[in-house]
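First up is the structure itself, then whatever we jot down about it.
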Amino acid sequence: MSVHLDHIFESPLRGLSHEGDISIHDLTNRHRWGLRGQGAAEALRIQGWDLPEQPNRLVASINQSFVMALSQREFWVLDPHNDAADLAMGNDFTTDAYPLFCQSSHAWLVLKGSETSALMAKLCSVDLRPDAFNLGDVAQTQMALINCIVVRHDLAGDDVFSIFVDQSYAEYALEALLDARQEFL
Amino acid sequence: MKIMTCPLNGPRNISEFVYGGQVKAMPDHQNVSDTDWAHHVFYEKNDVGIVLEWWMHSPSSFWFIAERHNATDEIIRTYPADQLFKQRVDFVANEGES
């Protein structure tokens, strides 16, 4: 069995928050991991995780974590309340599944505030207004011309957008969000 | 902006998609001649009409098949690749080959 290690990736955004009517928080240094493969859903169920019933949905699960389904065969477990740790995962699942290291591959930004949909409308072509994009909905799309995953969910009582972009685009994505936010300050 | 419907993600701007070539039947890779294999890899039909094509939704890396009219550029329908390809093809080298 081979074991792969996902080291902690220091966020170039340094975990900072940008406060305001719309606040932007860097959660890149929070814990997350994923599984891929035909048997990924079964492997997670065996471990006791609750899973979304369809792709592009997110559900709250055990340990205050979320499970996000990006397809029938790809799942991310998001833990916004705990810091990232070196993560070792092997291919020792009883089902056809293999680890996915989204902790070091993607930056994680959270948008909070009452006008976040209006802000996102400036950057993203998908309709993210609450009547079209429900709590728990996931959109794999583009924001400011880069690939991203946008999720609407509840975080400690707040209705927020979580945005995942490739780590190498973290600073660019934050800059685009800060620029778009100016008219809402 | 032209819209394409991804079978996994729904309608999205065409700029989110990447073209992946025509869908072609693959010859038996164990027995095909080099010429026929090269033909399969490098040549595509150039008929006018409805063609089957590979497309990928880039933000989700989801590959699927689209039926498109290559003169009018109308996308007739899109569907997941597993509707056409039911079985995995393993490329095992013949004995003596490396």
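The values are calculated or read from the model by the stated rules, or taken from the named source; none is laboratory data. In this text, all values refer to a predicted model and were calculated from it rather than measured experimentally. A quick note on method: Cβ atoms are made from the backbone with ideal geometry, for glycine too, and the neighbour counts reach across all protein chains shown. Only protein heavy atoms, including side chains, enter the accessible area calculation; ligands, DNA and RNA are left aside. Shrake-Rupley method; radii C 1.70, N 1.55, O 1.52, S 1.80 Å.
Could you check the stretch A:1-51 and list, in sequence order, the residues that are in contact with a Ser or Thr (Cβ under 8 Å, 6 or more places away or on another chain), touching a residue at least 40 places away in the same chain (Cβ under 8 Å) and of a type in the set (S, T, N, Q)?
A:11, A:23, A:28, A:29, A:38 - these are the residues of the stretch A:1-51 that are in contact with a Ser or Thr (Cβ under 8 Å, 6 or more places away or on another chain), touching a residue at least 40 places away in the same chain (Cβ under 8 Å) and of a type in the set (S, T, N, Q).
Among the numbered criteria (1) free of Cβ contacts under 8 Å to residues at least 24 places away in the same chain; (2) among the aliphatic types (A, V, I, L, M); (3) surrounded by 12 or more Cβ atoms within 10 Å (Cβ to Cβ); (4) within 14 Å of chain A (Cβ to nearest Cβ), which single criterion is violated by residue B:32?
All conditions pass for residue B:32, except number (4).
Of all the helices (runs of 4 or more DSSP H) wholly in the stretch A:89-185, which have at least 3 residues that are of a type in the set (A, V, I, L, M, F, W, C) and over 19 Å from residue A:28 (Cα atoms)? It would help to see each step written out before you state the result.
Working: elements: A:102-105, A:116-121, A:170-181.
Those helices (runs of 4 or more DSSP H) span A:116-121.
So the check is Cβ under 8 Å with 6+ separation or different chains; which pairs have a first residue in the stretch B:1-19 that's more than 7 Å from every other protein chain (Cβ to nearest Cβ) and a second one that's surrounded by 12 or more Cβ atoms within 10 Å (Cβ to Cβ) and part of a loop (DSSP other than H, G, I, E, B)?
That search, which allows pairs on different chains as well, returns B:1/A:125; B:6/B:60; B:17/B:58; B:18/B:58.
I'd like the full set of residues that are touching an Asp or Glu at 6+ places or on another chain (Cβ under 9 Å), among the hydrophobic types (A, V, I, L, M, F, W, C) and surrounded by fewer than 18 Cβ atoms within 10 Å (Cβ to Cβ), limited to the stretch A:1-35.
Matches in the stretch A:1-35: A:1, A:3, A:5, A:8, A:16.
For the stretch A:1-46, how many residues meet the condition of being of a type in the set (S, T, N, Q), under 29 Å from residue A:118 (Cα atoms) and in a loop (DSSP other than H, G, I, E, B)?
Kept after step one, since they are of a type in the set (S, T, N, Q), are these residues of the stretch A:1-46: A:2, A:11, A:17, A:23, A:28-29, A:38.
Imposing the further condition that a residue be under 29 Å from residue A:118 (Cα atoms) reduces the set to A:11, A:17, A:23, A:28-29.
When the remaining residues are screened for being in a loop (DSSP other than H, G, I, E, B), the result is A:11, A:28-29.
The number of residues fulfilling the criteria is 3.
Count, please, the residues in the stretch A:99-157 that happen to be more than 14 Å from every other protein chain (Cβ to nearest Cβ), among the charged types (D, E, K, R) and open to solvent by less than 50 Å² (accessible area, probe 1.4 Å).
Final tally of qualifying residues: 1.
Which ones in the stretch B:52-78 are without any contact (Cβ under 8 Å) to a residue 60 or more places away in the chain, within 26 Å of residue A:143 (Cα to Cα) and buried (at least 18 other Cβ atoms within 10 Å of the Cβ)?
B:55, B:57, B:59, B:60, B:62, B:64, B:65
Go through (1) away from every other protein chain (no Cβ under 13 Å); (2) at pLDDT 95 or above one by one and return the number of the condition residue B:56 breaks.
Answer for residue B:56: the failing condition is (1).
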